[in-house]
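Taking it in order: structure first as structure tokens, then the write-up.
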Amino acid sequence: MTAPSRPEALDPGRVLYDTLVGFLRDDGWPVSVEDDAERAVAVTVEGGSGRWVCVAQFAEDRPVLLFSSVIPAFVPAALRAPVGEYLNRANQGMLSGGFQFDLDEGEVRFVTALDLGDVDPAPLAESGALRGLIRQLVYVNVATVDRYLSGLMAVIHAGADPAAAVAAAEADQGT
């Protein structure tokens with residue numbers, strides 16, 4: 001006799017979506033957009049360095065969650081080289097996530113990802129382990145942006161030296 005299949009097993013992105021939304025609500029995050037049909041989730045974050053929006057994206061056919069902090073400034077073309085240097089220096093040695101920089105549009109994001117590969121997320125959700133993984137993903141993302149946002153804004157708005165701005169960001173946080 002075979003066990004009945006769970007609907008979640010057919011849609012791993014749904015399990016990730018439900019677990020993320022549940023975590024955010026329970027943890028007191030201000031969810032500003034939640035579109036169940038589109039699986040769109042956005043939260044506004046207020047850190048020590050500023051305010052920004054985080055957006056979650058889910059794969060439909062695989063257990064993959066991308067959690068992105070969208071930096072609240074577009075980089076003018078004339079400043080893209082020093083900002084690129086700043087972001088490259090900030091990314092150096094980073095263990096979880098990384099800054100992404102659209103050189104054509106000037107948009108900066110910090111992205112963390114959870115890719116469970118061939119693992120069915122439903123048992124992880126049932127055990128509570130998936131919530132812990134998602135919590136880590138979200139908090140690493142937000143803490144990293146909070147650490148580097150002031151230096152990034154200094155490079156964009158005050159012409160700060162990228163190497164010095166990264167060194168200051170990392171010194172302020174004890175790294």
Handout entry: Neighbour-limited loop hits for GluC sites (Glu not before Pro), segment 64-110 (at most 12 other Cβ within 10 Å; DSSP other than H, G, I, E, B)
Key = Glu105
Fill in the blank from the handout: Here the gain from full extension of Glu85 to His157, 0.36 nm per residue of separation minus their alpha-carbon distance, amounts to 24.4 nm
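Placing unit charges on C-beta atoms (Lys and Arg positive, Asp and Glu negative, everything else neutral), compute the dipole magnitude of the chain about its Cα centre in debye, rounded to 20. Display every interim value, and only then the final one.
Working: 12 positive and 25 negative charges, 83 e Å.
Roughly 400 debye for the chain.
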Practice task
Hydropathy first: keep DSSP H helices in the chain averaging at least 0.0 on Kyte-Doolittle, then drop any whose Cα extent along the axis falls short of 20 Å, and list what survives.
Solution key: 12-26, 129-158
Problem - Estimated 222 nm signal from helices in the chain, with DSSP H stretches of n ≥ 4 weighted -39500 (n - 2.57), rounded to 500 - result: -14500 deg cm²/dmol
Completion exercise
Sorted by chain and number, the residues with a modelled amide H under 5 Å from that of Ala160, at a separation of 5 or more or across chains, are Val155
Problem - segment 27-88: chymotrypsin sites (Phe, Trp or Tyr not before Pro) in DSSP loop, at most 16 other beta carbons within 10 Å - result: Phe74
Completion exercise
FRET efficiency (Thr44, Phe74; Cβ distance; R0 25 Å; to 0.05) is 0.85
Fill in the blank from the handout: Exposure proxy check on Val55, Val43: fewest-to-most Cβ neighbours within 10 Å is Val55, Val43
Handout entry: Largest-first principal axis extents of the Cα set of segment 7-172 (Å)
Key = 53, 31, 29
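Read-outs throughout are calculated quantities, based only on the coordinates presented, and are distinct from any laboratory measurement. Not measured: the values here are computed from a predicted model. Note that each Cβ is placed from the backbone with ideal geometry, even for glycine, and that neighbours are counted across all protein chains shown.
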